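The values are calculated or read from the model by the stated rules, or taken from the named source; none is laboratory data. This is a predicted model, so every value here is computed, not measured. Every residue, glycine as well, gets a Cβ built from its backbone with ideal geometry; the counts of neighbours run over all protein chains shown.
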Amino acid sequence: MIATFRIPGAGRLKQAETARFSFDGQSYAGVEGETLASALLANGVHLVGRSFKYHRPRGFLSAGAEEPNALVEIKRDSARRTPNVRATVQELYDGLTAQSQNRWPSLAFDVSALGDIASPLLSAGFYYKTFMWPKSAWKNFYEPRIRAAAGLGVAPDQPDPDHYSARFAHCDVLVLGGGAAGIAAALAAAETGVRVILADEQADFGGSLRFESGARIDGQDGFAWAQGAVATLKAMDNVRVLSRTTAFGYYAQNFVGLVERVSDHLQNPGRELPRERLWQVRAKRVVLATGAIERHMVFADNDRPGIMLASAARTYLNHHGVAVGRNVGVYTANDSAYAAAIDLKKAGVGVAAIVDLRDNPTGSVIDEARALGIEVNFGRAVIRAGGKLRVSSMTVQPKNGGGERTIPVDAILMSAGWTPSVHLFSQSRGKVAFNDETKRFVPGTYAQDCVSVGACNGTDGLSATIDEAYAAGAKAAKDASVKNAGANTVKGTKPKVDASESWSRGMLGAAPGAGPDTTVKAFVDFQNDVTAKDIRQAVHEGMRSIEHVKRFTTNGMATDQGKTSNMHGLAIAAETLGKPIPQVGLTTFRAPYTPVTFGSIVGHARGPLFDPTRKTAIHPWSAAQGAVFEDVGQWKRAWYFPKAGEDMHAAVDRECVTVRKTAGLFDASTLGKIEVVGPDAAKFMELLYTNPWEKLEPGRCRYGIMLREDGFIYDDGVVGRLASDRFHVTTTTGGAPRVMNHMEDYLQTEFPHLNVWLTSTTEQWAVIAVQGPKSRDIIAPLVEGIDMSDGALPHMSVREGRICGVPTRLFRMSFTGERGFEVNVPADYGQAVWEALWAEGQKHGAGAYGTEAMHVLRAEKGYIIVGQDTDGTVTPGDAGLDWAVGKKKTDFVGIRGMARPDLVAKGRKQLVGLKTKDPKVVLEEGAQIVGDPKQAIPMAMIGHVTSSYWSENCGRSIALALVAGGRDRIGETLYVPMPNGTIEVEVTGMVFFDEKGERLNG
Amino acid sequence: MLLIRCPYCEEERPELEFRNAGEAHIARSADMAATSDDDFEKFFFIRSNPKGIIYERWRHMHGCARFFNAVRDTVSDRFLMTYKAGEPKPAKLPGASE
């Protein structure tokens, strides 16, 4: 297809390459570097989407980031499918594939557009009202249908193959916005030598200089000046210039989030480039130069494709060299639309008429338009637009009523005035102030170290803007008060404005063609399909606050965040309420300024890099043996070691039996380990654990319980006293960091008088548990300097010596109920010592066991696991561990909490054993327990199962449970109601195997 | 993300390095076991949640690992000052909004 709407000689893309692209399957030619919107317009395509609620045909409203309508899907391959891309932002590359959204079966014929006809049923607040009856229909009828019909675009269904990077940066002056104001501010700041970052969301710097043909600075065309100034900035060592970079969020203490679109505009980005880069910038001073956004006119059917902002048409012409029509109409309440009409007329485009709502405006642009022979009408309104898939006419009427006249057009350019972009200022918690004379909200009270300049500050005129911005840039640099900044000072001069345009103010709210009593659709918010009528209706139905009006109508709540709609919506609400605008107030602007991809926020933190993975020294051996691993916190732990043909249950049963028959080796390296050292180490242990420690002899171990101040179990573990001033403390695997924090907290803040040092040694020691009747026989041949006899090394003792020639802390302890040892060796020797022990073990028929067998074996003995059998509401008494609380102690953390009335009351849930009446039935962990299975639902639940396993050693299932008054119920029958029937259980003690504990020395 | 000055490192560092540790100046009784139910309730459960100035504890977790105290304005999130653990509540605050 020939690009018929390109104007020879117009635009700035003359040297560029041709790019082929497709839209909805149709092939087109464009120019590389222009936007998709520009390329489609060059091909005469205006219809690009369907609206959210009414499925009305939509075209391009804007030429920038504020675009509410032209949202398309860009597809690179099956995984790279990006929905809701603004065609006005997406740059064209050869081979780009785009599709329209929210239509079926085709863009030109969309079945759901019936919603437009049925729209009286879809009025403001319809979500809150229409689907309330019958209640039961919501889940099965309304919700599925609304979900199918609602939403814009389709989310990709495959993992994102692109990668995203992130950077932190610091600077003295951060300038946001690269138009005339931003460039002037950046120049002034950079010339002082301070570190400057200048960012702009567009590919090209210049802002409105892209379309303002009347601007001349330092003797050049405004846009050319901008390119030269940015080149100067880029060449300076103290300046970083970021294009295609949107500041989306302004956070506390001048912390600003920016997203740089690195490769979305490239045909073949290659793996070395990220798709986007997140910049997190901390700036001493921020200069906001975010410009202003043009508002549309609110009149009937103002959403027809071909109706757009005047500045957009001007950008397409002056920057891209594309005419948006052949015979355009203009509807305005503002001078700036005249400049668009003049530029188009001069480029050879027909301008049917300018309709100006103002009564008798004067000015040079008006005179110039007339001089070019353009028909100019004052005091008139466009009361409706003709056409459906493309605007075909505008109907004009004197604004106070009178005869109608319909003018054929193929595009309408509109301008109601300009809204300062105070989004980032507002996000910085600054308070906006309403200027009654100019009818706009401008920055009022600042909350952070920032300053607004140019159009976003309500400053009119290029000359005033550059004066203000240059001074602000210099002041920001000075206020950042950097040492040694003067070293790089460059002599600069303020840019001189030779010619500029001036735009007067315009209007807010609905124009005469939008009602008040008509049922026409005069759109305020295009993306959420909110009309002037909807806002009036919201007020009539009792909404008084603009925040309520916003939520009731959804005005300003779409992904464009109301960039074009907020002020109109507010003005209509204020008029309907009969209140001045500042009394109705503005809704709060929130981040992000424009939509931000999840990818850029997540960055590299996905897949294996989402969270660190911790592996023990013995991990490679376990992996080589075919172990199946489970995640415990960040650790990978060997779960079980299946042999050929074994499932998990067979492997675990074999491992459990082997331990009790001969011996098993277990990698216990993940246990938390803390070295408590110092003259007051024992005093400290007395305060942090329930147990007494002062009298524990060096060389002996004790099972310790740690409470929180509220008296509930926080952690447990075996503690070995190596010397009078040195304890080797072990914690649960998952609890190690919080136990360390808990200890440090008390040591630093409550007991700072104690002379103690705490060191985390979890990673320093590899721990090999050797458990079972043959355990001593396996270890003894490898040990030097430790007497392994029961008399010299009894249960619960610890010795230092050597194993396989390396230092060891050898614990005699058991978490299986068998004779057992835990061999601590420096982590670097972990695997070597394991392999030596494994070789010895093979002589005795020992095997390796994993965490599942460890759990079963400890449950057979009734040993608890903190966090599984306890849940933060279990006291030592509840867990049957009263014996571990030092009765003579006068203080420890939790001593008072434990004595609270509720914690000593009768009937508390206590840990007990459960045996199912049918020994083959294994209960589900978490299953609830009731006393009477025949009671009415909802039943009174008296407890729940905390641990449950098949025990091959016992030849039956076993379980632990927290049951109200549990120890008094031993022998009773209780019931576990499950979906497939009620399971009968008998309450028992917690020890299922070797109740007398004889095997510890067996 | 906030910037927090660690009174031990004597540097402003990003919030990522720190962890909040709850309200400050809640002293644990020297005779804990003898604390009344009411006093224990105040000590363990009751916390202020002011709109404005709050005294709170932070830990420079990924720095010097020290616990310290801070005065923060919950309206602006601004830190008015930080000081070492064990030091008394400051009598005068710099630049307080109220």
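Does segment A:220-236 contain at least one residue that is in a loop (DSSP other than H, G, I, E, B) and either at pLDDT below 95 or within 18 Å of A:ARG167 (Cα to Cα) (or both)?
Filtering segment A:220-236 for residues in a loop (DSSP other than H, G, I, E, B) gives A:235-236.
Keeping just the survivors that are either at pLDDT below 95 or within 18 Å of A:ARG167 (Cα to Cα) (or both) gives none.
No.
Output yes when any residue across segment A:903-925 is within 14 Å of chain B (Cβ to nearest Cβ) and crowded, with 16+ Cβ neighbours inside 10 Å, and no when none is. Explain how you work it out, then say what you get.
First, pick out the residues of segment A:903-925 that are within 14 Å of chain B (Cβ to nearest Cβ): A:903-905.
From what's left, crowded, with 16+ Cβ neighbours inside 10 Å: A:903.
Scanning segment A:903-925 turns up at least one residue that is within 14 Å of chain B (Cβ to nearest Cβ) and crowded, with 16+ Cβ neighbours inside 10 Å.
Please verify whether segment A:50-73 includes one or more residues that are among the hydroxyl-bearing types (Ser, Thr, Tyr) and part of a strand (DSSP E or B). Even if it seems obvious, please write down each step before you answer.
Going residue by residue through segment A:50-73, those that are among the hydroxyl-bearing types (Ser, Thr, Tyr) are A:51, A:54, A:62.
This time we only want the ones that are part of a strand (DSSP E or B), so: none.
Looking for residues that are among the hydroxyl-bearing types (Ser, Thr, Tyr) and part of a strand (DSSP E or B), one finds none in segment A:50-73, hence no.
Filter segment B:1-32 for residues that are more than 9 Å from chain A (Cβ to nearest Cβ) and of a type in the set (S, T, N, Q) and give the result.
B:ASN20
Mind checking which residues of segment A:534-575 are hydroxyl-bearing (Ser, Thr, Tyr) and part of a loop (DSSP other than H, G, I, E, B)?
Step one: list which residues in segment A:534-575 are hydroxyl-bearing (Ser, Thr, Tyr), which gives A:545, A:553-554, A:559, A:564-565.
Matches in segment A:534-575: A:SER545, A:THR554, A:THR559, A:THR564, A:SER565.
Which one is farthest from the chain's Cα centre (by Cα), of the residues in segment A:286-339 that are over 18 Å from A:ALA63 (Cα atoms) and of a type in the set (D, E, K, R)?
Among those that are over 18 Å from A:ALA63 (Cα atoms) and of a type in the set (D, E, K, R), it is A:ARG326.
Restricting to segment A:866-902, name every residue that is out of contact with any Phe, Trp or Tyr (no Cβ under 8 Å at 6 or more places or on another chain), in a loop (DSSP other than H, G, I, E, B) and within 14 Å of another protein chain (Cβ to nearest Cβ).
The answer is A:VAL885, A:LYS887, A:LYS888, A:LYS889, A:THR890, A:ASP891, A:ILE895.
Quick one: A:VAL45 ticks every box in (1) more than 32 Å from the chain's Cα centre (by Cα); (2) assigned to a helix (DSSP H, G or I); (3) not charged (D, E, K, R) bar one, so which box is it?
All conditions are met except number (2).
So which of A:PHE21, A:PHE52 is aromatic (Phe, Trp, Tyr), more than 24 Å from A:GLY270 (Cα to Cα), in contact (Cβ under 8 Å) with a residue 40 or more places away in the chain and surrounded by 19 or more Cβ atoms within 10 Å (Cβ to Cβ)? Steps first, answer last, please.
Values: A:PHE21 fails: more than 24 Å from A:GLY270 (Cα to Cα).
Residue meeting the stated conditions: A:PHE52.
Which one is farthest from the chain's Cα centre (by Cα), of the residues in segment A:701-718 that are within 14 Å of chain B (Cβ to nearest Cβ) and either charged (D, E, K, R) or not in a strand (DSSP E or B) (or both)?
Selected residue: A:GLY711.
Scan (1) touching a residue at least 24 places away in the same chain (Cβ under 8 Å); (2) more than 23 Å from A:ASP449 (Cα to Cα); (3) out of contact with any helix residue (DSSP H, G or I) (no Cβ under 9 Å at 6 or more places or on another chain); (4) facing chain A (nearest Cβ under 10 Å) for the single condition B:ASP77 breaks and write down its number.
Only one criterion in (1) touching a residue at least 24 places away in the same chain (Cβ under 8 Å); (2) more than 23 Å from A:ASP449 (Cα to Cα); (3) out of contact with any helix residue (DSSP H, G or I) (no Cβ under 9 Å at 6 or more places or on another chain); (4) facing chain A (nearest Cβ under 10 Å) is unmet by B:ASP77, namely (2).
Check A:THR587 against each of (1) at pLDDT below 90; (2) β-branched (Val, Ile, Thr); (3) loosely packed, with under 14 Cβ neighbours inside 10 Å and name the one condition it does not meet.
(3)
Please pick out the residue among A:VAL767, A:VAL806 that is farther than 30 Å from B:CYS64 by Cβ and away from chain B (no Cβ under 14 Å). Steps first, answer last, please.
Working: A:VAL767 fails: farther than 30 Å from B:CYS64 by Cβ.
None of the other options fit; the residue is A:VAL806.
Which members of segment A:237-260 meet the condition of being more than 19 Å from A:LEU92 (Cβ to Cβ) and part of a loop (DSSP other than H, G, I, E, B)?
Of everything in segment A:237-260, those that are more than 19 Å from A:LEU92 (Cβ to Cβ) and part of a loop (DSSP other than H, G, I, E, B) turn out to be A:ASP237, A:ASN238, A:ALA252, A:GLN253, A:ASN254.
I'd like to check something: does segment A:384-392 contain any residue that is touching a helix residue (DSSP H, G or I) at 6+ places or on another chain (Cβ under 9 Å) and surrounded by fewer than 24 Cβ atoms within 10 Å (Cβ to Cβ)?
Yes: one or more hits.
Search segment A:640-684 for residues being out of contact with any helix residue (DSSP H, G or I) (no Cβ under 8 Å at 6 or more places or on another chain) and among the acidic types (Asp, Glu), and hand back the single one that is nearest to A:ILE778 (Cα to Cα).
Step by step, filter segment A:640-684, then rank; the result is A:ASP653.
Does segment A:750-761 contain any residue that is in a helix (DSSP H, G or I), under 39 Å from the mean Cα position of the chain (by Cα) and either of a type in the set (D, E, K, R) or surrounded by fewer than 19 Cβ atoms within 10 Å (Cβ to Cβ) (or both)?
In the first step, residues of segment A:750-761 are kept if they are in a helix (DSSP H, G or I); the result is A:750.
Next cut, under 39 Å from the mean Cα position of the chain (by Cα) only: A:750.
Going one step further and asking which of them are either of a type in the set (D, E, K, R) or surrounded by fewer than 19 Cβ atoms within 10 Å (Cβ to Cβ) (or both), we end up with A:750.
Yes, segment A:750-761 contains a residue that is in a helix (DSSP H, G or I), under 39 Å from the mean Cα position of the chain (by Cα) and either of a type in the set (D, E, K, R) or surrounded by fewer than 19 Cβ atoms within 10 Å (Cβ to Cβ) (or both).
Considering only segment A:261-285, how many residues are in a strand (DSSP E or B), surrounded by 18 or more Cβ atoms within 10 Å (Cβ to Cβ) and in contact (Cβ under 8 Å) with a residue 60 or more places away in the chain? Write out each step before concluding.
Our first condition is that a residue be in a strand (DSSP E or B); within segment A:261-285, this holds for A:261, A:276-285.
Within this subset, residues satisfying the condition of being surrounded by 18 or more Cβ atoms within 10 Å (Cβ to Cβ) are A:261, A:276-279, A:281-285.
The next check asks that each one be in contact (Cβ under 8 Å) with a residue 60 or more places away in the chain; those that pass are A:276-279, A:281-285.
Qualifying residue count for the region: 9.
Restricting the search to segment A:734-749, which residues are surrounded by 21 or more Cβ atoms within 10 Å (Cβ to Cβ) and more than 14 Å from chain B (Cβ to nearest Cβ)?
A:ALA736, A:VAL739
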